[in-house]
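Colleague: Mind having a look at this structure? Questions to follow.
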Amino acid sequence: LAVKAAKLVEVFVLLGAFVTVAMIVAALVSTSTFRIVFAQRMRELALLRAVGASRARLARGLVVEGAVTGLLASSAGVARAVGAGQLVPLFGLAAPGFPLTPALVVVLGSFVLTTLAVLAPAWSAAKVSPLEALRTSAVQDTKSRIGGVRWVLGILMASGAGVLLVNVAVEGLATQQRPAGMTEDLLLRTTISG
């Protein structure tokens with residue numbers, strides 16, 4: 001029993017690592033998406049600056065827009081996940097019910113993550129000059145180089161992924177077998193407790 005519990009803990013640690021990586025990737029994708037969307041709206045933002053919007057006010061408006069987007073997207077995602085969970089009995093498993101606390105944690109976490117992801121693109125977009133509105137094609141001047149912080153973070157993440165991959169491969173080669181009945185016992189306990 002202790003061996004199965006230890007294996008179950010290992011499974012949850014591995015799932016936690018995947019969730020952490022997924023959150024980091026989601027933050028990077030959200031930041032890039034907001035940066036692209038704001039770059040496409042550069043002329044509109046320049047017009048707002050030309051009619052008197054300050055940088056701080058424009059940045060606040062963009063952050064609120066991003067936060068509302070994150071709140072709506074996370075709420076829709078949780079609603080779809082709960083709906084999919086209600087279809088589980090069709091496959092002979094117990095329905096998960098409506099986990100209110102985890103659903104609220106996911107919505108709140110996604111809201112905070114999206115709000116943090118929109119801060120840098122919003123402040124960068126708010127620095128647009130009002131003269132950009134006069135140009136025929138508003139093109140954002142972007143740096144052609146990757147900053148030092150991005151290089152360091154990229155190298156650290158790639159190194160961590162490589163170490164994790166090697167570790168999993170070495171452990172897989174060392175054991176070369178799955179504990180008998182672990183998945184079946186987990187599914188059985190989930191069905192019985194539900």
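The values are calculated or read from the model by the stated rules, or taken from the named source; none is laboratory data. These figures come from a predicted structure and were not determined experimentally. Every residue, glycine as well, gets a Cβ built from its backbone with ideal geometry; the counts of neighbours run over all protein chains shown. Heads up: the accessible areas ignore ligands, DNA and RNA and are worked out on the full protein's heavy atoms, side chains in. Shrake-Rupley method; radii C 1.70, N 1.55, O 1.52, S 1.80 Å.
Colleague: Can you work out the Karplus-derived ³J(HN,Hα) for every residue in segment 11-24? Use 6.51 cos²θ - 1.76 cosθ + 1.60 with θ = phi - 60°, whole Hz, and x for glycine or proline.
Modeller: 4, 5, 5, 5, 4, x, 5, 5, 5, 4, 4, 5, 5, 5
Colleague: Return the distance in nm (one decimal) between the two label points of a simple spin-label model at Ile36 and Ala5, each offset 7 Å from Cα along Cα→Cβ.
Modeller: The modelled label-to-label distance comes out at 4.8 nm.
Colleague: Explain nothing, just compute: Karplus ³J(HN,Hα) = 6.51 cos²θ - 1.76 cosθ + 1.60, θ = phi - 60°, for every residue of segment 64-71 in order, whole Hz, x for Gly and Pro.
Modeller: 4, 4, x, 5, 5, 4, x, 5
Colleague: On to the next question. Based on C-alpha coordinates, I'd like the Rg and Dmax of segment 35-103, in Å.
Modeller: According to the Cα coordinates of segment 35-103, Rg and Dmax are 20.1, 62 Å.
Colleague: Once both labels are modelled 7 Å past Cα along the beta-carbon direction, what's the Leu164-Phe98 spacing in nm?
Modeller: 3.4 nm
Colleague: Between Lys127 and Val13, how high is the FRET efficiency from 1/(1 + (r/R0)^6) when r is the Cβ-Cβ distance and R₀ = 41 Å? Nearest 0.05.
Modeller: On the way: r = 43 Å, r/R0 = 1.04.
E(calc), rounded to 0.05, equals 0.45.
Colleague: Starting from the Cα-Cα distance between Val21 and Glu171, subtract it from 0.36 nm times their residue separation and give me the gain in nm to one decimal. The partial results should precede the final answer.
Modeller: Values: separation 150, 0.36 × 150 = 54.00 nm, distance 2.05 nm.
Result for the pair: 51.9 nm of gain on full extension.
Colleague: Provide the per-residue ³J(HN,Hα) series for segment 147-154, in order, calculated from phi with Karplus coefficients 6.51, -1.76, 1.60 and θ = phi - 60°, each as a whole number of Hz, with x at glycine and proline positions.
Modeller: Result, rounded to whole Hz: x, x, 5, 5, 4, 4, 4, x.
Colleague: Next question. In Å², and per residue, what accessible area does segment 78-120 have when probed at 1.4 Å with the other protein chains present? Walk me through the intermediate numbers first.
Modeller: Working: 2850 Å² over 43 residues.
Per-residue accessible area for segment 78-120 comes out at 66 Å².
Colleague: Restricting attention to the alpha-carbon atoms of segment 9-49, what are Rg (one decimal) and Dmax (integer), both in Å?
Modeller: According to the Cα coordinates of segment 9-49, Rg and Dmax are 17.4, 56 Å.
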